[in-house]
Amino acid sequence: MRNWRKQREAPPSVQLRSGERHPFGVLREYVPLGRGEARLYRAVREAVPVVDAAIYKLIRMAGGVTVRCSDSVAEAALAEFLRTVPVGRGQFGMNAFLDCYLDSMLTCGQAVGEIVPALGNRDIAALLCGRVEDIEIKEGISPLDFTLCGPDECGRMTELPCQELLLFTPLNPEANSPYGVSLLRSLPFLADVLMKIYHTIGVNWERCGNVRFAVTCSGGDGVSAAERSRMLAEEWSRAMRDTRGGSVRDFVAVGDVGIQVIGGDAPILDSEIPVRQLLEQIVAKTGIPPFMLGLSWSSTERMSSQQADLLTTEITALRRTLTPVLERICRLWLRMHGFPCGFEVVWDEINLQDEVEEARAELYRQQARKLRLENEAAEVEQGKNAGGSDSTAGTMRRER
């Protein structure tokens, strides 16, 4: 029996290992996270409002979560914990923790958190989200082994104690890196081009928006020309000044005087088509219908069933990524309080349709139910009539 337990507790043997080796193997085990990438992705969110709005909408649509336990007492106590657990910065509840955790996961490609036990290790005091830029991953011999490392008092990266209390979730991790892939990985180039267009539009409006006039007076020479120019400049300035004050003043001049707008003949490039092309690529990366981000590109603003299905799939995938974190927190809390019961993480139902569509669907369901009941009643009535006719025919045969 003892040998059987030892065999069950032995770690699995992994066959896939990296064949690259060099003399400094200890240095190779550390996989640093690109801090510049996290700052770049946050800059993209700050520069492009559509990206920031899309991430917030994905977080909101991920919805709330509850836990169902086989023990009613444990379920009520766990629900109270999920509602009131401190998560830092004046926020409480599991939903607030998941919002911050999912925000980091979508923006940086990974999220890190910590379970803070209370004094005596009999309860969970708080759940905290950490900065992904402050941690690094140290891989072991097996791909299943990795530890989180953070800076010590001297600034050196060392293994953090109590690894079982740390939470780490990568978003769509690749085979050659333990870190995840940010939702914004392919957007910096497009965001840079889009910012150039917007900056150019702003510069053009600064130059041409405030109209400047060129007053040209032809004819005359020498002192008379200089005097006429000075008089025209004074009269023109006085006319413009009175106009800003709200009064109307005519400009009267003698001679051949021409007035033109500086830069009025210079064409300004049309930015509508290139900006829309860039925004189409950005919105396609987020997976959210354009009208939900305030972009009216089509004649209708209603979400089609295909778009709703695709968006539901995206939200379900995010929930599937977050579920192991929730299960780990709930399992630890139940064990700390002595509840050996099982539990199930239940997400709120995803609802992307409006009330009119819901009412129409409910009407169709009721009509189908009514027709089904009528058909069943008709089948029962036909069965009774068939049975009555058979008994009548049998009685007539016996009488004969």
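Numbers for the structure displayed
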{"item": "Mean Cβ neighbour count within 10 Å, used as a protection proxy, ranking 336-349, 313-326, 277-290, 91-104 highest first", "result": "91-104, 277-290, 313-326, 336-349"}
{"item": "Straight-distance crosslink candidates among lysines, where the alpha carbon sits under 25 Å from Lys196 and sequence neighbours closer than 8 are dropped", "result": "Lys285"}
{"item": "Reach of Lys384 by Cα under 23 Å, taken over lysines that are not fewer than 8 positions away in the same chain", "result": "Lys370"}
{"item": "Cα-projected label distance for Tyr56 with Asp134, points at 7 Å along beta-carbon direction, nm", "result": "2.6 nm"}
{"item": "Cα→Cβ-extended label distance, 7 Å offset, between Asn375 and Asp71, nm", "result": "4.8 nm"}
{"item": "Net length gained if the chain between Ser237 and Val257 were fully extended (0.36 nm per residue, minus Cα distance)", "result": "5.7 nm"}
{"item": "Mean projection area, nm², convex hull over Cα of segment 40-88", "result": "5.0 nm²"}
{"item": "Residues Arg185 and Ser142, FRET efficiency given R0 of 30 Å [Cβ-Cβ distance, rounded to 0.05]", "result": "0.65"}
{"item": "Dimensions (Å) - segment 83-204, Cα atoms, principal axes, largest first", "result": "65, 40, 31"}
{"item": "Full-extension gain in nm, Thr200 to Gln91, via 0.36 nm per residue minus C-alpha separation", "result": "35.1 nm"}
{"item": "Label-point separation in nm, Ala386 to Met157, each point 7 Å along Cα→Cβ", "result": "7.7 nm"}
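Quick note: the coordinates plus some simple rules give every number you see, no bench work behind them. If you're wondering where the values come from, they're calculated on a predicted model, not measured in any experiment. Every residue, glycine among them, receives a Cβ derived from its backbone with ideal geometry; neighbour counts consider all protein chains shown.
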